[in-house]
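Below are the structure tokens for one structure; questions will follow.
The values are calculated or read from the model by the stated rules, or taken from the named source; none is laboratory data. All values derive from a computational prediction rather than experimental measurement. Don't worry about glycine lacking a Cβ; one is built from the backbone with ideal geometry, like all the others, and counts go over all protein chains shown. Areas reflect the complete protein model, heavy atoms only, side chains present, ligands, DNA and RNA absent. Shrake-Rupley method; radii C 1.70, N 1.55, O 1.52, S 1.80 Å.
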Amino acid sequence: MKKTEDNETKMIMEQTLDRLYARKGEASTWCYVLLVVLYLFATGIVSVTAASGSAVTFFGIHIPLYTFAGVFTALANICVLILTMYFGTKGFVTSLTFLMVQIPIILVKIIIANVVTSIPGVFSNVLTIIAVCIIYFSNRKIVSVQKELRNQAVNDVLTGLPNWYACTELINALISKNIPFVNVTINLNGFKSINDTMGFDCGNQVLTEAAGRWKAIADSGETGTLDFISRLSADEFCLIIRKYKSEDDIIRTIDMYESAMEDHFSVYGCDFQMTASFGYSVYPDDGKNINELVVASNTAMKKIKKESNSNHILKFTSDMLEDNTFELEGKIRKAIENDTVFYMLQPQFDMNHNLRGFEALARMKDEDGNFISPGEFIPIAEKCGLIDKLDGIVFRKAASFAGDLICNTGAKFTLSLNVSVRHLMMTGFTDEIRKLLDISKLPPSQLEIEVTESIMIESMEKAKHFVEEIRDMGVQIAIDDFGTGYSSLGYINSMPATLLKIDKTFIDDINKDDKSKAYVQTIISLGHIMGLDVISEGVEDESQLATLREIGCDLVQGYVWGRPLPPEEAQKVVMESLQ
Ligand code: C2E
Ligand code: MG
Ligand code: MG
């Protein structure tokens, strides 16, 4: 059973390859038989006519029969050449046998029967044997190169698994025959960090090893279902499951592929554990064509990957599409068009609770008036190229508010604005800031731009250039979320920054043990050595505040002294600070 089904997949692949190479398939047996018969007939005529002394009369002309020998020798030669060209080894062996057998026959005729007219036949035969050999061996070379090219068209060079093209061909063939199947998208977890930390060679070895383990399962048939595993790109694989009886069968099969990752991977003397995320969709329930099925399984895979709990397998359900990127992208576009993006201001204080300034934080609501978290919409706005517009709205509104307040009261607070790297890197960013200062009348020294540490690492030199330009205008620079991006101290030191913002995650743990406290203390010392002020983000209670005071922190931002406030509330805080 299994064998015949495997043959079905093989057949689909062969048909694909034939189509790719416009190959019509090997010439049919009856053509072979026809050529053999024609050859035997032609050589029969040659042997009869070559030695004949008689002639035929054609339109009154006497034509000796032996003149026909040349014509039929040519016909016989054409037959063996065609056999060699189109019938592979079988045709070559047949042709060679015919030609070899003829030589002693002709020689006998010449020597014993003294038929000297057959002498040219010997030369003709020898030359044809040479021609047949040349054709056969050069044909073999072409066929082997072709075979290699054909394999490359449907196989992934690194892992040897079928590639995306082969996978789509199989899916399309199954859909056209209306055969139910499961489409599983598999993605290795944490593969990027292996590539980043251990290099591409190591990454490639991991991919090859994972592919090998999965191929062994698919080939063994131990899952009880009929499986086809292919590599789509980088660390993404596709598993097609057929011949399952129930949902349990599907889960059991995918479970086996997941379990194959349990044994540690050993690459270049390093042992590590790998896991993979599996999202699957079922034909025809979850999609009628390849696109729908792939989008569905991808959505499920991304969802289970994001949840990153112990379960790594998820079936697609239609409600998953509702919370996807497209919808949020539409909401962001609408909010930008209607200018409904707004901001809150979270106060920052020195350790004596004196107001230092405010961080402007973008806010958005959906049609029902529910808040959407910046943690959700900022990454989407970055991905779909809307972040500069979104940042721009917050910049304009917050700067205009702060500029007016400063002009009216003479207050000395700082306004901090978050900028995304995609926005920072845009040509015209420095002009945008210059214009912002101009319109809002905000003194440059009271404006601060927050750039996250991880962003700086991604695009070091370019980011540095832009940051320097803004700094030259007199604007302050804060390194946001410090401690989360593993940047080199040398690099941070070379940034013309003025403030270091310690990420909330370190503040959360600060009173957990001595080590965590010492860690924050070290960051504060480092900041001071580099000549920077240090602010702690996400300070929520008095005990954290007390520890930060003890270890020399300069500033705090957090719920303990102030949540993000609407501008009117922030104005009250400023007025109070002036009394
Ligand atoms: P961030 O710049 O690190 O901002 C600090 C975040 O921590 C804010 O979350 C703030 O509300 C929150 N936070 C402050 N103190 C506390 C606390 O004591 N406890 C807790 N649990 N949270 C606290 P928010 O407003 O959700 O912003 C999240 C991130 O979104 C920001 O992190 C920033 O990276 C980004 N973001 C916000 N507004 C903008 C913007 O206008 N433009 C850009 N590009 N990114 C923005
Ligand atoms: Mg920030
Ligand atoms: Mg931060």
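Which value, in debye to the nearest 20, gives the size of the charge dipole of the stretch 2-154 about its Cα centre, when Lys and Arg are +1 and Asp and Glu are -1 at the Cβ?
So the magnitude is around 220 debye.
Which aspartates and glutamates have a Cα lying under 14 Å from the Cα of LYS305, excluding residues fewer than 8 positions away in the same chain?
Leaving aside aspartates and glutamates fewer than 8 places away in the same chain, those within reach of LYS305 are ASP235, GLU236, GLU258.
Going 7 Å from the Cα of GLU542 in the Cα-to-Cβ direction, what parts of the stretch 548-565 have a backbone nitrogen less than 17 Å from that spot?
Counting only backbone N, you get 548-550, 559-562.
Suppose we keep just the DSSP beta bridges with both residues in the chain; what percent of those would be antiparallel, to 5?
Among the beta bridges of the chain, antiparallel pairing accounts for roughly 60 percent.
Once you charge only the Cβ atoms, +1 for Lys and Arg and -1 for Asp and Glu, what is the size of the charge dipole of the stretch 175-278 about its Cα centre, to the nearest 20 debye?
Taking the Cα centre of the stretch 175-278 as origin, the dipole is about 500 debye.
Let me ask something else. For the stretch 2-154, with the dipole built from +1 on Lys and Arg beta-carbon atoms and -1 on Asp and Glu ones, taken about the Cα centre, which of ILE61, ALA42, SER95 lies farthest toward the positive end?
SER95
Right, here's the next one. Within the stretch 381-407, name every residue whose backbone N is under 11 Å away from a label modeled 7 Å from Cα of THR484 along the Cβ vector.
none
Only helical DSSP H runs with n ≥ 4 go in: add -39500 (n - 2.57) per run for the chain, normalise by residue count and round the 222 nm mean residue ellipticity to 500 deg cm²/dmol.
-18500 deg cm²/dmol
Which pairs, out of LYS412/LYS435; LYS334/LYS435; LYS397/LYS512; LYS397/LYS517; LYS462/LYS517; LYS412/LYS515, put more than 31 Å between their alpha-carbon atoms?
Values: LYS412/LYS435 21 Å; LYS334/LYS435 25 Å; LYS397/LYS512 40 Å; LYS397/LYS517 38 Å; LYS462/LYS517 34 Å; LYS412/LYS515 37 Å.
Result: LYS397/LYS512; LYS397/LYS517; LYS462/LYS517; LYS412/LYS515 exceed 31 Å.
Quick one: if the Förster radius is 25 Å, what FRET efficiency do HIS264 and LYS192 give, using the C-beta to C-beta distance and rounding to 0.05?
Taking R0 as 25 Å, the efficiency between HIS264 and LYS192 is 0.80.
Taking a threshold of 18 Å on the Cα-Cα distance, which of the pairs LYS192/LYS215; LYS306/LYS504; LYS10/LYS147 fall above it?
Values: LYS192/LYS215 22 Å; LYS306/LYS504 21 Å; LYS10/LYS147 15 Å.
From LYS192/LYS215; LYS306/LYS504; LYS10/LYS147, over 18 Å: LYS192/LYS215; LYS306/LYS504.
While we're on this one: Compare the Cα positions of ILE130, LEU578, VAL539 along the charge dipole of the chain (+1 at Cβ of Lys, Arg; -1 at Cβ of Asp, Glu; about the Cα centre) and return the one farthest towards the positive end.
Towards the positive end, the residue furthest out is ILE130.
What FRET efficiency do you get for LYS412 and GLU376 if R0 is 35 Å and r is their Cβ-Cβ distance, rounded to the nearest 0.05?
Plugging the Cβ-Cβ distance into 1/(1 + (r/R0)^6) gives 0.50.
In debye, nearest 20: dipole of the chain around its Cα centre with unit charges on the Cβ of K, R (+) and D, E (-)?
3600 debye
For an R0 of 41 angstrom, estimate the FRET efficiency from the Cβ-Cβ distance between SER310 and ASP404 and round to the nearest 0.05.
Taking R0 as 41 Å, the efficiency between SER310 and ASP404 is 0.20.
Does a label point 7 Å from the Cα of ILE130, set along Cα-to-beta-carbon, have any residues of the stretch 92-108 with amide nitrogen under 18 Å, and which are they?
Within reach of a label on ILE130: 96, 99-100, 103.
Need the full-extension length gain, ILE110 to SER138, defined as separation in residues times 0.36 nm minus the C-alpha distance. One decimal, nm. Present the calculation step by step, with values, prior to reporting the outcome.
On the way: separation 28, 0.36 × 28 = 10.08 nm, distance 3.41 nm.
In short, 6.7 nm is gained.
Which of the lysines could be linked to LYS464 by a straight reach, that is with a Cα gap under 20 Å, when you skip same-chain ones fewer than 8 residues away?
LYS501
For the stretch 126-139, in order, what is each residue's ³J(HN,Hα) by Karplus, 6.51 cos²θ - 1.76 cosθ + 1.60 with θ = phi - 60°, in whole Hz (x at glycine and Pro)?
4, 5, 5, 4, 4, 4, 4, 5, 4, 4, 4, 6, 6, 4
On full extension of the chain, what length is gained from ILE61 through PHE326, given 0.36 nm per residue of separation minus the C-alpha to C-alpha distance?
86.5 nm
May I ask you to compute the full-extension gain from ASN352 to ASN493, defined as 0.36 nm times their residue separation minus their alpha-carbon distance, rounded to one decimal in nm?
Between ASN352 and ASN493, full extension yields an extra 48.0 nm.
OK, next. Of the options ALA402, SER297, GLY527, report the single residue whose Cα projects farthest towards the positive end of the charge dipole of the chain (beta-carbon charges: Lys, Arg +1; Asp, Glu -1).
Checked the options; the winner is SER297.
What accessible area per residue comes out for the chain, rounded to a whole number of Å², with a 1.4 Å probe?
51 Å²
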